[in-house]
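A.B. asks: This is the structure I have questions about; it appears just below.
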Amino acid sequence: MYQYLPFDVPAGAFGVEVTLNYDRSAGVLDLGCFGPAGFRGWSGGARDRFVLTAAAATPGYLPGPLEPGTWQVMLGLHRIGPAGVRYELSARVGGATPEPLPPGPPVPARPPRRELPAPSGMRWLAGDTHAHTLHSDGSLTIDELAAAAVAQGLDFLAVTDHNSVSHHPLLAAASERYGVTLVPGQEITTDVGHANAYGSIGWIDFREPQSAWFAEVARRGGLASINHPLSSDCAWRVPLEVHPPLAEVWHWTWLGPTWGGPIAWWQAWGLGTIPIGGSDFHEPEDGRPVGVPTTWVLVDGDGPDGVLDGMRAGRTAVSAGRDAPLLLRIEDELHALGAAGTLLVAPDGSRAAVRGEVARFPAGAGPYRLDDHDGGIVALCG
């Protein structure tokens with residue numbers, strides 16, 4: 001549920017400052033803003049203040065002309081107990097400016113890339129399809145996140161801040177500074193499920209029905225995934241007649257290698273869904289680095305479009321980390337790398353022992369995975 005609180009902005013206004021105060025022990029209120037021309041930003045429960053001017057804005061919000069007329073502060077009633085939540089909201093038109101961001105860190109040393117087999121003219125890229133910055137509820141700037149990805153040896157990273165696209169205009173320059181492909185994304189977020197929309201396709205209205213999200217992403221030429229479908233209160237809870245092409249089968253909330261829930265969900269949802277993995281990185285203090293798990297994409301192009309084209313074609317694999325055992329599909333063969341002692345599990349459940357650091361197997365239709373001797377999942381591919 002959303003509540004809209006109007007305020008007026010006169011012609012010639014320099015800036016808008018909105019402040020929200022409430023007792024966070026009593027519930028969670030999300031914060032966003034719409035101007036007369038439409039969406040201007042969202043910070044969910046991560047912020048209690050934002051500033052908008054023509055030239056700059058608080059991360060999560062879009063700088064630009066301040067159209068005269070009626071604006072709306074949008075409150076998302078995310079977690080409200082029986083007693084309700086008392087709050088105070090102020091909207092001030094004046095001379096406030098956003099706080100400046102710190103300078104970006106130096107470019108770190110990159111670990112050597114893995115030498116992986118690939119068809120002529122193609123190559124495997126290591127990446128992460130799910131990460132956050134200060135533009136939603138992450139703690140790092142875009143530059144800091146890019147530096148962290150390079151230090152982890154990643155080739156690409158999808159920046160998927162919640163319900164906003166304020167980070168999109170900044171990604172190309174950061175990609176060039178740090179030598180890593182930053183893929184534009186938006187995590188469309190509600191209390192009944194999260195989904196990622198990939199590509200430079202503009203803002204997707206999270207207030208619409210979930211089926212409308214995916215139809216609109218496809219109409220604009222983007223790519224969509226179901227995120228962390230079994231992740232406690234963020235689990236996917238909405239039936240869909242048409243499934244998006246991707247699913248975050250491997251997420252950091254996977255309780256352990258032997259927990260079969262994600263694979264069981266994938267089988268029930270449809271094994272034709274292209275598998276990806278996401279760290280859902282928010283801040284270093286969480287103790288889980290970006291790129292764990294690692295999503296591998298076989299590409300024949302460059303930049304974000306090359307990554308998205310590879311994902312769209314189903315040329316993906318997921319491993320526990322960049323240097324972990326890996327299972328790759330290359331044309332009509334499967335290559336198990338660094339996986340001696342594991343078992344190759346076919347879509348029909350049949351198994352074959354993996355011997356040696358490099359092992360090849362004929363590939364049939366459908367996804368395969370590698371299991372360890374305890375039944376723990378080591379790697380998978382579409």
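The values are calculated or read from the model by the stated rules, or taken from the named source; none is laboratory data. Computed from a predicted structure; not experimentally measured. No Cβ is skipped: glycine too gets one built from the backbone with ideal geometry, and neighbour counts run over all protein chains shown. SASA here: full protein model, heavy atoms, side chains in, ligands and nucleic acids out. Shrake-Rupley method; radii C 1.70, N 1.55, O 1.52, S 1.80 Å.
A.B. asks: So, in nm, how far is label GLU176 from label ARG110 when the simple model puts each one 7 Å beyond its Cα toward the Cβ?
C.D. replies: In this crude spin-label approximation the distance works out to 1.7 nm.
A.B. asks: If you roll a 1.4 Å probe over the heavy atoms of the protein chains, what accessible area per residue do you get for the chain, in Å²?
C.D. replies: 42 Å²
A.B. asks: Tell me the mean residue ellipticity at 222 nm calculated for the chain from its helices only (DSSP H runs of n ≥ 4, each -39500 (n - 2.57), averaged over every residue, nearest 500).
C.D. replies: -4000 deg cm²/dmol, from helical runs alone.
A.B. asks: Relative to the longest principal Cα axis of the chain, at what angle does helix 142-151 sit, 0 to 90 degrees, rounded to 10?
C.D. replies: 20 degrees
A.B. asks: Continuing with the same structure: So what's Rg/Rh here for the stretch 271-382, counting alpha carbon atoms and using the Kirkwood radius for Rh?
C.D. replies: Over the Cα atoms of the stretch 271-382, Rg/Rh equals 0.98.
A.B. asks: Also, quick follow-up: I want to verify a result. In a Gaussian network model of the chain, Cα cutoff 10 Å, which of these has the top mean-square fluctuation: VAL318, VAL159, VAL73?
C.D. replies: The residue with the greatest mean-square fluctuation here is VAL73.
A.B. asks: Separate question: Count the net charge of all other residues whose Cβ sits under 10 Å from the Cβ of ALA158, scoring Lys and Arg as +1 and Asp and Glu as -1.
C.D. replies: Net of charged neighbours comes to -2.
A.B. asks: Here's something else I'd like to know. Go from 0 up to the bin containing the longest alpha carbon distance in the stretch 1-96, width 5 Å each, and give me the % of pairs per bin.
C.D. replies: With 5 Å bins starting at 0, P(r) equals 3, 14, 27, 25, 16, 9, 5, 2, 0.
A.B. asks: Can you pull the one-decimal nm distance between simple spin-label points at ASP191 and ALA346, each 7 Å off the Cα toward Cβ?
C.D. replies: Between ASP191 and ALA346, the simple spin-label model gives 4.8 nm.
A.B. asks: Distance between Cα centroids, the stretch 58-74 to the stretch 299-336: provide it in whole Å.
C.D. replies: Each part's Cα centre sits 40 Å from the other's.
A.B. asks: Obtain the nm distance between the two label points defined at LEU255 and ASP302 by a simple spin-label model: each point lies 7 Å from its Cα along the Cα-to-C-beta direction.
C.D. replies: With each label point 7 Å from Cα toward Cβ, the separation is 4.7 nm.
A.B. asks: For HIS130, what charge total do you get from the other residues with a beta carbon under 10 Å from its beta carbon, if Lys and Arg give +1 and Asp and Glu give -1?
C.D. replies: Its environment carries a net charge of -4.
A.B. asks: With the Cα gyration tensor of the chain in hand, give its eigenvalues times 5 under a square root as the equivalent ellipsoid semi-axes, listed largest first in whole angstrom.
C.D. replies: Working through the eigenvalues yields semi-axes of 40, 22, 18 Å.
A.B. asks: Which whole-Hz couplings ³J(HN,Hα) result when phi for each residue of the stretch 333-349 is put into the Karplus expression 6.51 cos²θ - 1.76 cosθ + 1.60, θ = phi - 60°, listed in order with x for Gly and Pro?
C.D. replies: Per residue, the Karplus-derived 3J(HN,Hα) values read 10, 9, 10, 9, 10, x, 10, 4, x, 8, 10, 7, 10, 7, x, 8, x Hz.
A.B. asks: Separate question: Can you list the HN-Hα couplings for the stretch 364-371, worked out from phi with the Karplus curve (6.51, -1.76, 1.60; θ = phi - 60°), rounded to whole Hz and with x for Gly and Pro?
C.D. replies: x, 6, x, x, 10, 8, 10, 10
A.B. asks: Quick check: residue separation of ALA55 and ARG237 times 0.36 nm, minus the Cα distance between them. What number comes out in nm?
C.D. replies: Length difference between fully extended and current span is 61.6 nm.
A.B. asks: Additional query: Cα axis of helix 210-219 to longest principal axis of the chain: angle in degrees, 0 to 90, nearest 10?
C.D. replies: So the helix axis and the longest Cα principal axis differ by about 80 degrees.
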